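Here is the structure we will look at, set down as structure tokens.
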């Protein structure tokens, strides 16, 4: 009796330790997302706009798995706020533990051993969820499988199989290709719970039933290709860390009902206490792996993009200047922020420009299409911004940013009826309703447009002429200036391109236009180009009554003495000299200096 | 009673409808908390609908009864709205004319985003005009998301048509009854795909234009897309012999023409099409203007005679596109715009009608301030369906107009929908609306299966000039 009581107490102790670990895991996850991984919320929330309309629902009703994604998109709205996002995403591993434990109890597996393997599963889910490609509906799909198994196993044995068969079409419709995972789960549960003679017929029936449902769905019910019926909405099956991790995790869940049994053959109950330690180690290993795979650059891009979407241009500039981005997108947003603040030719080289002119405007590939339109919007080429936003909507579906861009550009172009259609969609969302209401007012009363400084600015930048928009942005900007010479943003982008191409001579010949465009000083990098031009011994053309400032003249003297005479300067950490690195001169000579080092 | 008609959407006041049209549901755009609509035939048949939100939907069975009793006359619509203060407003009634010439029971169109480069999801759909039944004929999600286009029927026949699929499942798919045949028509010296088709009325030939198409995007506020041909020529495909032949390359010495939008006369003795001199290396797209041309054709030998200008649009600085000939062969309806071929993207594009017996060209009263374009005739020649962007300037919608003579046409009405608000929500555009005499027997899975079969290659048989 004493010994039995001892084991029971030990079990309670062990169990309590596991519970503590479970909540520590939850806390660790919340902390991770709040302080390190919130970029995932921004990324996913911006790619899954949930609209409270029947039409939106209808879109998901037409294919198996659509409802699961619909549900996922509904939950993803919570990602709009980091706190809600962190609490939400962290709850999935905890729910996973609870569901596994319930299943283990039904399968009469040991509580503590069950807990042991449940926590390992939760660690796995915690790890998986840190991938940007792992959406909420993936987690929900996995959890629903376990919930369904629990519901089935709670039934009397004779009803279990029949219930699975009867409900399988509905489950397939709801969860799509996750049903394959459910078949695997049920297969495993049959092996774990059924007496040996019933196993084989059960398995055959399981296979035949699944195949029959698939054929009926493909041939008679849904207009979906077979490969989509077998894959949607699972992650794309490819050789990547995420894909391998996800499918390995599915396999783990499928076999998890057997693990306590296998474990008990090799480990005695008395050694359970050691399991607590091993589980703690696994949790720490999980955190280690998450730290290892943590992509600071990606996280940084999300932060920059978020600030860009919120039009916090000063914050973007400050962020990049504090921690320079080596990424094309990061540098693109930096240039965009400078242009929006009218500082492109003043501060272009305060940030890294590793991609030369490519970071001024992004290519129109699907990878960049969601970002490429901001450049066109910024310089007043609203037609191109509109076209790319529409392409983005066709390719990627409704997203907050492509719809917002469509609203603004249609208003600018005077197409209020079309703008209203997009406003109507945003109005029926949780997080963008207020934004939509603001623009709805403008649509109802177009004169209100003139009190919106952003729209007025973009309208003023719009060229009056018609031309074909091409993929050559230099051509586009020159054509814009032909129609509206008073467009400083397009002008400075043209100059920036020249500077990045190191064509300082061409820059100097543009200066004479500036006075007429309203400039009363020459932006710093253009001054630097002028001084380089003079340094080459070339005759200076007419500068249109604008002159180079004394500060820049002095800086050039310093630069000459520091850089052009000291080839080892690049290794120096001298602050004064570092300031001179933010110049066109340094960019111009950088390669030569690097080569010398 | 108020001295004005209620504002309703779509605007069905004064339209002329066939005796077999689906319920003309609409939305009352008037302030009020409760609405009652009474639809009355001249002989006293009455249909009442109550609505809280202004959406008026008629019961199909009762609507048919009302129509039946209104043929040759009018349906009167009385609209009452109960205001928030409890008072009731009665609006001046509006009317719909009902004629006994029936419209073909189905309409077929392509649904796609009014797009630019990415096609996205697209499908060709058939819709009953007598009810709201709708089904997909082909969907590109079963064809690896490839572009599907240019569905063309032989004289409104749902059992005899073709369409093109581009990309990995490419081919021209010919449909006869419930059989789908996948063909490869780009053969021999063809440098571009077979594009715009027209079936010879006897069914043994199809003429295609083969176009090298360029798409560009305007910066200007009034225009979105510009689609034009660098070169295009006509080819005739013999269905029975599986042979494809150029119709002609040069019609006069030293002049190469762009030829497009073929259309057979209903007797099969003439081919109408649009033609312009092929642009030189440097050209201004705004100076490309197409005339309406025709050529005599001998169906026995399959040969053409000399070209003849039917309507010299260039002379008046206009350009013809998309001709369509009435089943009696007397009238040609076409789109006329300032230049080029992409009339649906030209705000100024309007529909005109040429009376071949008098040579008189008339502007049609069915036009609006926005683009009117692709049009086709019903099999009895009494109805014209056309695309119009009049609702928002971006998305084309199918409109139907009664035709008696160029001077006597009914006010057009938009294709009625079960949910009349659908046009404000839909982002897709309706493309190539065609009236057909019955239901198409094949469906998306038939096309998917056909796309798995190898393409049957047409034989190239040189020129016939």
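Annotation: residue A:370 fulfils all but one of (1) over 26 Å from the mean Cα position of the chain (by Cα); (2) under 19 Å from residue A:310 (Cα atoms); the unmet one is (1). Has the range B:190-210 got any residue that is under 21 Å from the mean Cα position of the chain (by Cα), under 29 Å from residue B:349 (Cβ atoms), part of a loop (DSSP other than H, G, I, E, B) and in contact (Cβ under 8 Å) with a residue 24 or more places away in the chain? Yes, there is a match, as at least one residue in the range B:190-210 is under 21 Å from the mean Cα position of the chain (by Cα), under 29 Å from residue B:349 (Cβ atoms), part of a loop (DSSP other than H, G, I, E, B) and in contact (Cβ under 8 Å) with a residue 24 or more places away in the chain. The lone criterion from (1) surrounded by fewer than 15 Cβ atoms within 10 Å (Cβ to Cβ); (2) more than 14 Å from chain A (Cβ to nearest Cβ) left unmet by residue B:338 is number (2). Restricting A:496, A:506 to residues that are crowded, with 21+ Cβ neighbours inside 10 Å, away from every other protein chain (no Cβ under 14 Å) and closer than 30 Å to residue A:587 by Cβ narrows the list to A:496. Evaluate the following for residue A:286: is it assigned by TED's automatic domain parsing to the domain that holds residue A:125 and buried (at least 21 other Cβ atoms within 10 Å of the Cβ)? Yes.
Across the range A:408-466, the qualifying residues are those that are more than 14 Å from every other protein chain (Cβ to nearest Cβ), without any contact (Cβ under 8 Å) to a residue 12 or more places away in the chain and outside any helix (DSSP H, G or I), and the one among them that is farthest from residue A:387 (Cα to Cα) is A:445.
Each row is one residue, and each column tells you yes or no for (1) touching a helix residue (DSSP H, G or I) at 6+ places or on another chain (Cβ under 8 Å); (2) surrounded by 16 or more Cβ atoms within 10 Å (Cβ to Cβ); (3) more than 10 Å from every other protein chain (Cβ to nearest Cβ).
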site: B:203; (1), (2), (3): no, no, yes
site: B:207; (1), (2), (3): no, yes, yes
site: B:210; (1), (2), (3): no, yes, yes
site: B:222; (1), (2), (3): no, no, no
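Of all residues in the range A:419-446, those that are surrounded by 16 or more Cβ atoms within 10 Å (Cβ to Cβ) and in contact with a helix residue (DSSP H, G or I) (Cβ under 7 Å, 6 or more places away or on another chain) total 16.
Being in a helix (DSSP H, G or I), more than 38 Å from the chain's Cα centre (by Cα) and away from chain B (no Cβ under 14 Å) is a property that does not hold for residue A:491.
Scanning the range B:131-171 for residues that are in a loop (DSSP other than H, G, I, E, B) and over 18 Å from the mean Cα position of the chain (by Cα) yields B:131, B:132, B:133, B:143, B:144, B:145, B:146, B:147, B:166, B:170. The range A:30-86 holds helices (runs of 4 or more DSSP H) entirely within its bounds, and those carrying 1 or more residues that are more than 28 Å from residue A:294 (Cα to Cα) and within 14 Å of chain B (Cβ to nearest Cβ) map to A:54-61, A:66-76.
In the list A:119, A:89, which residue meets the criterion of being within 33 Å of the chain's Cα centre (by Cα) and under 24 Å from residue A:233 (Cβ atoms)? After applying the criteria, what remains is A:89. Criterion applied to B:394, B:415 was being surrounded by fewer than 21 Cβ atoms within 10 Å (Cβ to Cβ), in contact with a strand residue (DSSP E or B) (Cβ under 9 Å, 6 or more places away or on another chain) and modelled with pLDDT under 95, and the one residue passing it is B:394.
Checked across the range B:374-381, the condition of being outside any loop (DSSP other than H, G, I, E, B) and within 14 Å of chain A (Cβ to nearest Cβ) holds for no residue.
From A:308, A:397, which residue is within 14 Å of another protein chain (Cβ to nearest Cβ) and surrounded by fewer than 24 Cβ atoms within 10 Å (Cβ to Cβ)? Answer to the selection: A:397. Condition test on residue B:238, is it over 21 Å from the mean Cα position of the chain (by Cα) and away from chain A (no Cβ under 14 Å)? Taking the combined requirement at face value, the residue satisfies it.
The set of residues in the range A:373-394 that are part of a helix (DSSP H, G or I), within 11 Å of chain B (Cβ to nearest Cβ) and over 21 Å from the mean Cα position of the chain (by Cα) comprises A:376, A:382, A:383, A:384, A:386, A:387.
The values are calculated or read from the model by the stated rules, or taken from the named source; none is laboratory data. Given the structure is predicted, the values throughout are model-derived calculations rather than measurements. So basically every Cβ, Gly included, is an ideal-geometry build from the backbone, and we count neighbours across all protein chains shown.
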